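K.L.:
Here it is: the structure, laid out below.
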Amino acid sequence: MGNRFKTVLLLGALTGFFILVGGMAGGRQGIIIAFILAVFMNFFSYWFSDKIVLAIYRAQEVTEAQAPELYRIVANLTQKAGMPMPKVYTIPSQSPNAFATGRNPAHAAVAVTEGMLKLVNSGELEGVLAHELTHVKNRDTLICAIAATIAGAIMVLASMARWTAIFGGLGGRGNERRDNIVGLLFMAILAPFAAMLIQMAISRSREYLADDGAADLTGNPNGLASALGKLSAYSQRIPLNANPSTAHLFIVNPLSAQRIGRFFSTHPPIEERIERLRRKTGMLV
């Protein structure tokens with residue numbers, strides 16, 4: 001199944017799940033309230049995401065004179081991709097990693113850690129930057145914001161359902177009322193968990209698409225494959241003090257050292273990503 005189709009399918013599933021939960025928990029009025037709250041919370045974050053995440057990691061904007069190779073590679077890639085030149089940042093951390101952020105290609109930023117610049121060669125750096133620029137070109141920040149909004153609305157509805165069950169705001173008598181309360185509580189516990197899994201599956205699909213886009217943009221899948229191997233190994237030796245809410249932005253999951261299970265990870269397994277890239281050049285070993 002193509003990853004673009006998978007993203008659409010997962011977003012559809014998340015939306016359908018939201019409507020189902022909303023109907024059970026609060027009816028039409030509950031759906032509207034939950035959706036408005038989620039839109040306010042998540043799209044505020046989406047609109048200012050670049051400023052927020054760059055501040056969290058104390059990223060510093062650099063000029064071409066300060067980081068000539070980094071700046072040159074970003075400029076070359078954006079020209080090839082037909083994109084505006086994003087702002088370029090470095091992060092004062094020895095843990096090798098990188099991310100891109102911004103609500104659209106005209107308001108984008110690419111950030112790399114100092115540790116990554118020391119670790120990778122020019123071809124590997126090009127692969128990493130192409131991956132991040134593909135995220136920008138594919139407007140993955142917007143897609144993740146939509147997924148977060150729907151998931152957030154489900155969280156609100158689940159909270160409403162818990163309070164409704166606790167205070168007995170359900171119709172029916174006797175066994176029917178008791179069954180309704182048990183069902184509502186079960187849904188209130190299950191809904192946030194299911195929404196989180198779907199949201200993370202969307203994030204993993206976007207990572208595969210960004211890997212493919214980087215391979216096409218650079219014409220060198222092995223550059224990114226080699227970089228991913230290095231980043232995975234060294235980021236576990238020198239972990240990044242990362243905020244879990246921003247983990248999905250990074251090219252390598254900064255929380256991987258915590259042994260997060262596959263279903264709870266925002267990223268596909270590194271081994272699978274490398275294998276897919278190697279296949280593109282017929283060099284899988």
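Any read-out appearing in this document is the output of simple, stated calculations on the displayed coordinates, not a laboratory observation. In this text, all values refer to a predicted model and were calculated from it rather than measured experimentally.
K.L.:
Taking 0.36 nm per residue of sequence separation and subtracting the Cα-Cα distance, how much length would be gained by fully extending the chain between Thr281 and Asn121, in nm to one decimal?
P.N.:
55.7 nm
K.L.:
Under a straight-distance cross-link criterion of Cα-Cα below 29 Å, which lysines are reachable from Lys118, leaving out those fewer than 8 residues away in the same chain?
P.N.:
Answer for Lys118, where 29 Å is the Cα cut-off: Lys51, Lys80, Lys87, Lys137, Lys230, Lys280, listed by chain and number.
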